[in-house]
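Colleague: The structure that follows is given in the form of structure tokens.
The values are calculated or read from the model by the stated rules, or taken from the named source; none is laboratory data. Small disclaimer: the values here were computed from a predicted structure and weren't measured. Here Cβ is always computed from backbone atoms with ideal geometry, including for glycine, and neighbour counts include all displayed protein chains.
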Number of protein chains: 2
Amino acid sequence: MKLYDLELSGNCYKVRLFASLINAPLDTVPVDYLQGEHKGETLLKLNPWGEIPILEDGNVVLRDGQAILVYLANKYGGEAWWPSEAHLQADVMQWLSVAANEIQHGPNTSRLIEKFGVESDLALSLARSTQILTLINNHLADKDWLAVNRPTIADCAVYPYISIAHEGGVSVDEYTHIQAWMKRLEQLPGYISMPGN
Amino acid sequence: MKLYDLELSGNCYKVRLFASLINAPLDTVPVDYLQGEHKGETLLKLNPWGEIPILEDGNVVLRDGQAILVYLANKYGGEAWWPSEAHLQADVMQWLSVAANEIQHGPNTSRLIEKFGVESDLALSLARSTQILTLINNHLADKDWLAVNRPTIADCAVYPYISIAHEGGVSVDEYTHIQAWMKRLEQLPGYISMPGN
């Protein structure tokens, strides 16, 4: 199983992190992002979006961090990480949407602007970051994990860009419930870090 | 099963549409959006995000259109609409992320600005609309449906804001494969429309 990977990408890291937590076999193939390899002919054939991560597992080719988490969970992680019961799976799914929407356009975008010079609206992404971090912090006030009372792919999808939010000028220091949740996640067996967190 | 609903919301419509396609029992409760009922005490208790749709099914309360589709598919729609096999489910999941990310911040945002006077970056949302519509149109050049060769919740999640994109100044006329796909979806038994599409 091959992951087209960038060490500094939180979306790639979420795949590496989850694979490590469930001990799934994963070979990482570093992509030369600065040289635009992800927009080159070979990788565009695998993912017309021109983005990484891309997962290749035999004939299966997948883009999108959340979709790859679902794949790995179904294939290797099992019920614990991605419950099959309707209301439990939907609970986790709510957070996969948060990862694709509010985290992507909040802390992730702020970091793209501040760390990588991507042109976008910093004020907007900072406001979105405050909004989503406040919601998540409140949500975690009486919970250990984002969904279904145990660690799931919801946590793996949402954690990465929060753990490196400071690189986009977003401080997480004051969100005490988020801090405690991150510490819990970082103590899971198999946890691995990425540069910056 | 109760849907807190707004007739003009594409995210609410995707729930109504899918419920109709699979013949799931659904009572709609109109929310007075203009009066800010979704930001009022009662609905904020159900969804701290201050957004609709919200689905209430006994003790189960769910926010986020994509999560609600997953719930309905697991409970009523079955394997046809939300396959359980790892690579097939991940294929559909890729498109749930597209709905939460690129569609939300492309055609949906353009429409919010143009139709409802929401303040955001119109040039950015129009550029994102062009980008995602081009990708989807190319994807559909040799396919009838977005994922796994049959209608799934992927189509239900992505279709709504494309079908009303013109209300945000985004023309879909030139995307012939998208046009054909929309026509196929509109011919499914149980299809219902929303104002504007």
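Colleague: As an exercise: evaluate A:Trp82 against (1) touching a residue at least 60 places away in the same chain (Cβ under 8 Å); (2) in contact with a Phe, Trp or Tyr (Cβ under 9 Å, 6 or more places away or on another chain); (3) within 12 Å of another protein chain (Cβ to nearest Cβ) and give the number of the one condition it does not meet.
Modeller: Unmet condition: (2).
Colleague: Still on this structure, please answer the following. From the list B:Glu41, B:Glu37, B:Glu56, B:Glu119, pick out the single residue that is touching a Lys or Arg at 6+ places or on another chain (Cβ under 9 Å) and under 29 Å from A:Thr134 (Cβ atoms).
Modeller: Details: B:Glu41 fails: touching a Lys or Arg at 6+ places or on another chain (Cβ under 9 Å); B:Glu37 fails: touching a Lys or Arg at 6+ places or on another chain (Cβ under 9 Å); B:Glu119 fails: touching a Lys or Arg at 6+ places or on another chain (Cβ under 9 Å).
On inspection, the qualifying residue turns out to be B:Glu56.
Colleague: When you check B:Thr28 against the structure, is it of a type in the set (Val, Ile, Thr), over 19 Å from A:Met93 (Cα atoms) and part of a helix (DSSP H, G or I), yes or no?
Modeller: Numbers: of a type in the set (Val, Ile, Thr): yes; over 19 Å from A:Met93 (Cα atoms): yes; part of a helix (DSSP H, G or I): no.
No; evaluated as a whole, the condition is false for this residue.
Colleague: If you don't mind, there's one more thing I want to ask. If A:Pro53 satisfies every condition in (1) under 18 Å from A:Leu3 (Cβ atoms); (2) in contact with a strand residue (DSSP E or B) (Cβ under 8 Å, 6 or more places away or on another chain); (3) within 10 Å of chain B (Cβ to nearest Cβ) but one, which is the exception?
Modeller: The single condition A:Pro53 does not satisfy is (3).
Colleague: Something else: Taking the criterion of being modelled with pLDDT of 95 or more, polar (S, T, N, Q), within 11 Å of the chain's Cα centre (by Cα) and outside any loop (DSSP other than H, G, I, E, B), would at least one residue in the range A:73-95 satisfy it?
Modeller: Scanning the range A:73-95 turns up no residue that is modelled with pLDDT of 95 or more, polar (S, T, N, Q), within 11 Å of the chain's Cα centre (by Cα) and outside any loop (DSSP other than H, G, I, E, B).
Colleague: Filter the range A:170-187 down to the residues that are farther than 23 Å from A:Leu6 by Cα and in a loop (DSSP other than H, G, I, E, B) and list them by number. Steps first, answer last, please.
Modeller: Filtering the range A:170-187 down to residues farther than 23 Å from A:Leu6 by Cα leaves A:171-181, A:183-184, A:187.
Passing the criteria: A:Ser171, A:Val172, A:Asp173, A:Glu174, A:Tyr175, A:Gln187.
Colleague: Please enumerate the residues belonging to the range A:35-51 that are under 25 Å from A:Ala100 (Cβ atoms) and not small (Gly, Ala, Ser).
Modeller: A:Glu37, A:His38, A:Lys39, A:Leu43, A:Leu44, A:Lys45, A:Leu46, A:Asn47, A:Pro48, A:Trp49, A:Glu51
Colleague: Out of all the residues in the range A:86-104, which are among the charged types (D, E, K, R) and at the interface with chain B (Cβ under 8 Å from one of its Cβ atoms)? Before you say what the answer is, go through the steps one by one.
Modeller: The initial filter retains those residues of the range A:86-104 that are among the charged types (D, E, K, R), namely A:91, A:102.
Selection gives A:Asp91 alone.
Colleague: Then there is this: Filter the range A:109-143 down to residues that are under 21 Å from A:Ala180 (Cα atoms) and more than 8 Å from every other protein chain (Cβ to nearest Cβ), then give me how many there are.
Modeller: Step one: of the range A:109-143, the residues under 21 Å from A:Ala180 (Cα atoms) are A:129-143.
Of the ones still in play, those that are also more than 8 Å from every other protein chain (Cβ to nearest Cβ) are A:129-134, A:136-137, A:140-143.
Result for the range A:109-143: 12.
Colleague: Step by step: first the residues of the range B:29-59, then only those that are surrounded by 15 or more Cβ atoms within 10 Å (Cβ to Cβ) and farther than 16 Å from B:Tyr71 by Cβ, then the one that is nearest to the chain's Cα centre (by Cα). Which residue is that?
Modeller: Only one residue fits best here, namely B:Glu51.
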